[in-house]
Amino acid sequence: MSNRSSLTKAAAFNDAAFPSTEELNDDQRGLIADFNRRLVDKTIETEEAVCLCGATDFVPVAEYDRYRICQPTVICRACGLLQSRPRMSDKALDWFYGSDHYRAMYDPEFLEMTSAEFNRMLPRARMAFLKSALNGHRYDSVLEVGCASGLNLYTFFKEGKRVVGYDLARKPVAFGRSLGMDLRDGSYQDIAGGPYDLILLS
């Protein structure tokens with residue numbers, strides 16, 4: 001199989017005109033179309049990094065995600081890791097998440113969070129899975145990178161655990177702070193105050 005052959009030719013993965021599986025409003029569709037145009041004209045900076053295993057040989061899997069964003073996904077021939085390639089540079093990622101562009105495209109309700117909306121979304125938190133995975137292990141401090149408004153941290157917070165969360169999306173972080181949680185603007189490079197008993201990277 002050559003480097004340019006794809007594991008699948010399914011339209012859902014490769015056809016820009018294939019309908020999204022998500023319910024998108026007009027604003028979201030407009031943002032996605034604009035984002036794709038900016039990727040094509042390279043005003044959004046991307047890079048082609050080597051795999052975590054050090055390999056550079058990949059097989060294409062998909063050109064578009066379920067929102068119809070142009071995000072090529074490949075699989076490493078050496079270790080089988082799925083990854084975005086090319087991917088946004090650190091500079092582009094800081095803009096994408098820090099400007100709330102990401103939330104406006106994927107989850108616009110996060111940008112205008114209310115207490116009622118937060119409580120409605122709590123079941124989306126991964127508490128059942130986390131509790132079963134912890135299986136009785138003791139933990140007193142919890143760190144999450146990519147915490148948004150703190151949905152995954154909130155139950156731990158209410159149980160009296162020390163919780164710290166980092167995210168580049170300022171509005172969701174500010175809302176989580178208004179609930180009393182220690183949520184901070186930043187990413188993994190900014191982590192401080194450890195060690196932590198439990199770290200969430202979801």
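How large is log10 I(q)/I(0) at q = 0.08, 0.10, 0.11, 0.18 Å⁻¹ when the Debye formula is applied to the Cα atoms of the chain, each weighted equally and without solvent?
Debye intensities relative to I(0), on a log10 scale: -0.34, -0.53, -0.64, -1.32.
Determine ³J(HN,Hα), in whole Hz, for all residues of the stretch 165-178 in sequence, where each value follows from phi through the Karplus function 6.51 cos²θ - 1.76 cosθ + 1.60 and θ = phi - 60°; x replaces Gly and Pro.
Going residue by residue, I get x, 10, 7, 8, 7, 5, 5, x, 4, 4, 5, x, 5, 5 Hz, with x marking Gly and Pro.
Where does the longest stretch of the chain lie that holds no trypsin sites (Lys or Arg not before Pro) found in a DSSP loop with 10 or fewer other Cβ atoms within 10 Å?
Of all site-free stretches, the longest is 43-137.
To the nearest 10 square angstrom, how much accessible area does F58 have with a 1.4 angstrom probe?
10 Å²
Kindly report the accessible area of the stretch 150-196 per residue (heavy atoms of protein chains, probe 1.4 Å, no ligands, DNA or RNA), in Å².
Accessible area per residue, the stretch 150-196: 48 Å².
5 Å is the cut-off here: which amide hydrogens, built 1.01 Å from N in the peptide plane, fall below it relative to I199, excluding neighbours closer than 5 in sequence?
L143
To check my understanding: the extent here is largest minus smallest coordinate of the Cα atoms along each principal axis. What are those three numbers for the stretch 132-202, in Å, largest first?
Cα extents, longest axis first: 34, 24, 20 Å.
Would you work out what percent of the accessible area of the stretch 21-132, with all protein chains in place, is carbon or sulfur (probe 1.4 Å)?
Answer for the stretch 21-132: carbon and sulfur cover 52 percent of the accessible area.
Per residue, what accessible area does the stretch 18-67 have, given a 1.4 Å probe and all protein chains present, in Å²?
Value returned for the stretch 18-67: 65 Å² of accessible area per residue.
Report ³J(HN,Hα) in whole Hz for each residue of the stretch 34-46, in order, from the Karplus equation J = 6.51 cos²θ - 1.76 cosθ + 1.60 where θ = phi - 60°; Gly and Pro get x.
5, 4, 4, 4, 5, 5, 5, 8, 6, 7, 9, 6, 10
The values are calculated or read from the model by the stated rules, or taken from the named source; none is laboratory data. Since this is a predicted model, take the numbers as computed values, not measurements. Please note: Cβ atoms are built from the backbone with ideal geometry, for glycine as well, and neighbour counts cover all protein chains shown. The accessibility values were calculated without ligands, DNA or RNA, using every heavy atom of the protein model including side chains. Shrake-Rupley method; radii C 1.70, N 1.55, O 1.52, S 1.80 Å.
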